[in-house]
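Just below is one structure, and these are the notes that go with it.
Nothing in this text is a laboratory measurement; each read-out follows from the coordinates by a stated rule. Given the structure is predicted, the values throughout are model-derived calculations rather than measurements. Here Cβ is always computed from backbone atoms with ideal geometry, including for glycine, and neighbour counts include all displayed protein chains.
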Amino acid sequence: MIELKGISKKFGDAQAVNKVSFKVEEKETLVLLGTSGCGKTTTLKMINRLIEPDAGGVFIDGKDITNEDPDVLRTGIGYVMQNIGLFPHYTVAENIAVVPKLLKWDKEKIKVRTQELIKKLHLPENSLSMFPHELSGGQQQRVGLARALVTDPSVLLMDEPFGALDNVTRTSIQKEFKGLEELKRKTIVMVTHDVQEAFELADRICLMDKGKIIQIGTPKELLYQPINDFARKFLAGQRLGLEFKVVKIQDIWSYLPKVTLQDGKSLSDDLNVWDAMELLRSSDRSELLVSGDNKESKAINFEQLTKAFNQFQNAQVHE
Amino acid sequence: MNEQQQTLWQFMHEQSDKLFAQTLQHVGLTFISLLFAIAIGLPLGILIARKRKLSGTVLGIAGVLQTVPSIALLGFMIPVLGIGAKPAIVALLIYALLPIIRNTYTGIIGIDQHVKEAARAMGMSKSQILLKVELPLAMPVILAGIRTATVINVGVATLASFIAAGGLGEFIFGGISLNNTNMILAGAIPAALLAIILDALLSLVQKMNFKKLRKALYILPAVLLILGGFYVLPSAYGSTLTAGFTPEFMGRQDGDLGLKSIYGLKIHTIVISDAIMYKAAFSKELDVISGYSTDGRLKAFDLKILKDDKSIFPPYYAAPIVRNEAFKQFPKLEETLNLLAGKITDSVMTDLNYRTDYLHQTPERVAKDFLISTGLYKAPKNGHNGVVRIGSKIFGEQYILAEMYSMLIRGNTDYGVSTKTGLGGTKICFDALMNDQIDFYPEYTGTGLLVLLQPDPKIAKEMAHNKDKTYNYVSAEFEKKFKIKWLKPIGFNNSYALMMRQKQSKDLNVNTITDLKNYLDKN
Ligand SMILES: Nc1ncnc2c1ncn2[C@@H]1O[C@H](COP(=O)(O)OP(=O)(O)OP(=O)(O)O)[C@@H](O)[C@H]1O
Ligand SMILES: [Mg+2]
């Protein structure tokens with residue numbers, strides 16, 4: 001668990017971070033979202049003391065981090081840098097082994113763990129003996145991620161971990177990333193300025209502007225209960241796409257026709273509208289079989305889906 | 001040309017022991033000082049990369065040190081460190097410092113900030129960041145600095161021979177003063193090759209990729225140490241007294257070779273520059289030196305000339321030598337220059353030299369005072385009638401003579417005068433005369449005979465010990481060979497001489513070179 005209590009930081013006259021407080025629960029992923037220069041990186045770096053705050057405090061598992069040796073603190077926190085920051089003079093294997101070596105792991109243990117990670121992160125086996133400049137940008141980001149994950153720290157800080165990638169690669173890495181078992185047991189603070197990415201990966205989003213928090217909440221809350229104009233406008237451009245992603249079949253269950261069908265292989269109602277539409281469009285089926293929580297199943301076609309979604313939307317607005 | 005190469009090869013072959021020893025000394029000297037320079041420069045470079053405020057000061061000081069002329073730097077060292085290895089190593093170290101400090105500094109501050117931050121973010125301590133990230137990444141730049149320093153050191157190390165620290169400079173400077181091209185080349189070629197080879201090797205190391213570089217870096221200090229270990233001081237055989245001889249003296253029949261063969265003198269000898277020799281004798285670094293009999297420092301440092309009782313040192317009577325062509329252009333030149341003939345005795349010359357070398361009076365003033373006191377001085381005339389070009393070698397006595405001649409010409413003729421003083425050694429001066437760049441300069445009969453004419457050893461031996469025979473021989477030969485005329489001798493004889501401190505000479509009761517030999521044999 002990470003807790004920030006009113007931390008501020010000034011660079012010269014510029015207030016980079018202004019009285020930011022939030023709490024990240026155990027195994028939760030909090031995404032810091034905001035425009036360039038709003039203080040996301042600065043906030044993140046104050047969590048592992050790469051930057052010392054001017055005021056306020058940071059507590060990890062209830063302990064004030066200013067009482068800890070900064071080097072020891074940092075070996076215990078995974079950090080993925082905005083600019084990757086791999087050591088150009090180390091091979092991939094050596095880059096991954098930096099923290100384990102600081103912690104004096106034995107060679108065998110490092111080797112086993114490294115093998116495990118490159119498999120999970122889909123890095124080619126032979127890349128271990130390569131130098132970073134011999135890898136593609138996407139591969140380098142994976143190595144950066146492996147380096148942060150290798151000691152399985154319970155806290156992970158990530159600064160635009162997919163920032164250097166093109167859209168196609170980014171989407172696929174995000175998917176893989178979301179599927180990684182390792183990450184599900186970690187407390188994660190991640191920075192991004194990409195709204196799609198934030199919605200894809202966040203449990204909760206912390207929207208920032210000019211060093212201040214504008215709103216903290218689940219993606220759904222940000223979408224449907226924006227706190228002010230800034231929050232609303234920030235999401236406006238991609239609103240529809242975001243809503244498709246946020247709204248799940250269970251949310252619109254009541255708006256779907258009550259036709260119950262016989263048993264068959266059914267999908268979970270955890271499915272979001274976006275994915276459901278994707279399935280309907282890509283497969284040759286015209287209907288999807290989805291089962292609700294009360295063991296009731298519904299077969300849905302495209303028209304029914306959009307209609308139910310629209311009804312749900314109208315209901316939100318009038319709420 | 002072919003013959004030249006042949007003889008160079010022969011020379012190198014003959015002198016291979018010396019050549020080998022000098023090369024080892026040279027390499028050793030270069031690397032010992034490099035090692036120290038790295039030991040000092042690397043931490044300093046790291047320090048100023050941490051505390052940038054200091055960088056201006058430190059780089060400034062190192063930069064200023066590097067601009068001090070090498071000879072001057074060696075000179076400064078003597079009072080503090082004496083002669084020999086210590087001052088040479090310190091001087092070389094000082095020259096090597098700037099490139100090492102500067103490149104360490106720029107190498108470290110040039111590292112990508114993100115990489116340094118990543119190291120911090122992973123929990124590396126300051127020293128771990130330095131050793132594992134900063135130094136390895138700055139290494140190509142640091143190596144470039146070491147490479148520059150190495151090449152500088154190979155060059156400056158030639159000067160180590162001036163202060164008895166050995167190296168290839170012994171051949172180079174010995175060869176220059178002996179007008180022995182083979183000797184110069186035997187020193188210069190290996191020195192140049194050394195510089196080229198080391199430069200190439202280090203550029204290979206510098207261009208290695210990180211993986212190979214890492215291995216190379218373990219080996220490098222060991223290589224430095226081993227190469228530095230080559231440096232064994234040129235002090236093989238011990239004797240109770242130590243002699244310091246100039247490179248020129250070492251190679252001459254009428255020098256060290258004669259001392260060995262005719263007197264049978266066996267003395268622990270180191271090679272040293274004459275600029276430093278007298279002071280070193282005075283401060284008891286040396287006991288016996290090969291000086292010049294009219295040198296002012298003889299008086300200044302209270303030294304005594306040992307009598308050359310078997311007369312191996314030929315006479316060195318000074319006289320102006322003039323291109324015959326010049327007499328056509330300047331008909332009154334001969335009688336004007338001859339005004340000085342026979343006017344300056346040994347003791348007078350020693351005194352004049354003493355005034356410039358030790359009392360630091362200008363050669364101009366010393367010359368004028370002397371001419372006034374002998375009634376030769378006349379106020380300058382207009383000087384409209386052409387310009388006589390006077391040359392001089394690069395030491396005090398020659399400057400004084402050049403000034404005297406200049407004043408005499410201005411006072412007694414309508415010619416103008418331009419002086420080209422400080423024309424290095426004999427060879428440079430003589431070449432300037434032959435190439436019509438000067439009209440005359442003061443030369444010594446012994447030098448004319450042994451250095452410029454280099455006759456058959458038999459003739460030389462026969463000639464060498466008679467003042468008049470030598471003069472007549474060089475006059476005739478120069479006229480024949482070079483169309484150059486020797487005018488009348490000025491009077492003094494500036495020959496080689498062995499010298500000791502007055503007090504030591506009295507204490508040991510050594511007054512002649514034979515006394516010296518006997519004393520050494522007994523002790
Ligand atoms: N070391 C520093 N010195 C001075 N100013 C700084 C420093 N680091 C950040 N700033 C300033 O603080 C503000 C916040 O910077 P920060 O890096 O936290 O922004 P960010 O939200 O991460 O932006 P981006 O999305 O572009 O990475 C910016 O105005 C930036 O110029
Ligand atoms: Mg940032």
Query raised in the report: What nm distance separates the two modelled labels at A:ASN294 and B:SER203, each placed 7 Å from Cα along Cα→Cβ?
Result: 8.5
Report summary line: Listed with the fewest Cβ neighbours within 10 Å leading, B:LYS132, B:LYS260 appear as B:LYS260, B:LYS132
Query raised in the report: What is the average number of partner chain Cβ atoms found within 10 Å of a Cβ in A:94-102?
Result: 3
**Report entry** Whole-percent pair-distance distribution, where bins are 5 Å wide, for the alpha carbons of region B:2-229
**Finding:** 1, 7, 13, 16, 16, 14, 11, 8, 6, 4, 2, 1, 1, 0, 0
Report summary line: Per the Kirkwood formula over distinct C-alpha pairs, the hydrodynamic radius of region B:287-405 in angstrom is 16.2
Query raised in the report: Rounded to a whole number of µm²/s, how large is the Stokes-Einstein D of chain A at 10 °C and 1.306 mPa s, given Rh as the Kirkwood radius over C-alpha pairs?
Result: 74
Requested in this report: Starting from the amide H of A:TYR79, placed 1.01 Å from N in the peptide plane, find each other amide H under 5 Å away whose residue is 5 or more places distant or on another chain.
Outcome: A:LEU157
Report summary line: Length-normalised contact order of region A:2-237, Cα under 8 Å, at least 6 apart, in percent, tallies to 29
Query raised in the report: Could you state the per residue volume, in Å³, of the convex hull enclosing the Cα atoms of region B:445-491?
Result: 66
Query - Sequence ranges A:60-70, A:77-87, ranked by mean other-Cβ count within 10 angstrom, highest first - result: A:77-87, A:60-70
Query raised in the report: Can you pull the semi-axes for the protein assembly as shown, root of five times each eigenvalue of the Cα gyration tensor, sorted largest first, whole Å?
Result: 91, 27, 24
Query raised in the report: Say R0 is 60 Å: what FRET efficiency, to the nearest 0.05, do B:ASP515 and B:LYS212 get from their beta-carbon distance?
Result: 0.40
Report task. Would you kindly state how much longer the chain becomes between B:ASP346 and B:ASP456 on full extension, computed as 0.36 nm times their sequence separation minus their alpha carbon distance, in nm to one decimal? Result -> 36.6 nm
Report summary line: Cα-Cα pairs in chain B separated by more than 29 Å, as a whole percent of all pairs, come to 59
Query raised in the report: How do B:MET463, B:MET122 line up, fewest other C-beta atoms within 10 Å first?
Result: B:MET463, B:MET122
Query raised in the report: If the limit is 24 Å between Cα atoms, which of B:LYS307/B:LYS522; B:LYS310/B:LYS458; A:LYS184/B:LYS126 go over it?
Result: A:LYS184/B:LYS126
**Report entry** Fraction of alpha-carbon pairs over 16 Å apart in region B:257-343 - percent
**Finding:** 68
Requested in this report: Would you list the P(r) distribution for region B:318-494, with all Cα-Cα distances sorted into 5 Å bins from 0 and each bin expressed as a whole %?
Outcome: 1, 8, 17, 22, 21, 16, 9, 4, 1, 0, 0
Query - chain A - mean residue ellipticity at 222 nm from DSSP helices (-39,500 (n - 2.57) per run, n ≥ 4, rounded to 500) - result: -11000 deg cm²/dmol
Requested in this report: Note down the Stokes-Einstein diffusion coefficient of region B:86-183 in µm²/s, whole number, using a Kirkwood radius over alpha carbon pairs, 20 °C, and 1.002 mPa s.
Outcome: 134
Query raised in the report: Taking one equal scatterer on every alpha-carbon of region B:21-81, how large is log10 of I(q)/I(0) by Debye at q = 0.14 1/Å?
Result: -0.58
Query raised in the report: Which angle from 0 to 90°, rounded to the nearest 10, does the C-alpha axis of helix B:16-50 make with the longest principal axis of chain B?
Result: 50
Query raised in the report: Between A:GLU181 and A:LYS23, what FRET efficiency comes out of the Förster formula 1/(1 + (r/R0)^6) with R0 = 30 Å and r the beta carbon distance, rounded to 0.05?
Result: 0.75
Query - Principal axes of region A:50-96: Cα extent on each, largest first, Å - result: 38, 18, 15
Report task. Count, for each residue of B:110-121, the Cβ atoms from other chains sitting within 10 Å of its Cβ, then give me the mean as a whole number. Result -> 6
Report summary line: Beyond 25 Å, the calculated P(r) of region B:111-232 holds a percent of Cα-Cα pairs equal to 43
Query raised in the report: When the Kirkwood radius is taken over all Cα pairs of region A:1-159, what Stokes-Einstein diffusion coefficient follows at 4 °C and 1.567 mPa s, in µm²/s?
Result: 77
Requested in this report: For peptide B:133-144, compute the average count of partner chain beta-carbon atoms within 10 Å of each residue's beta-carbon.
Outcome: 1
Query - Between region A:107-153 and region A:232-255, the alpha-carbon center distance in angstrom - result: 36
Requested in this report: State the antiparallel share, in %, of DSSP beta bridges confined to the protein assembly as shown, rounding to the nearest 5.
Outcome: 55
Report task. Express in whole angstrom the spacing between the alpha-carbon centres of region B:67-88 and region A:265-293. Result -> 89
Requested in this report: Sort A:THR218, A:THR187 so that the residue with the fewest other Cβ atoms within 10 Å of its own Cβ comes first and the one with the most comes last.
Outcome: A:THR218, A:THR187
Query raised in the report: region B:370-422 to region A:39-89: how many Å between their Cα centroids?
Result: 81
Query - Where Cα atoms sit under 30 Å apart: lysine pairs in region A:44-124 separated by 8 or more or lying on different chains - result: 22
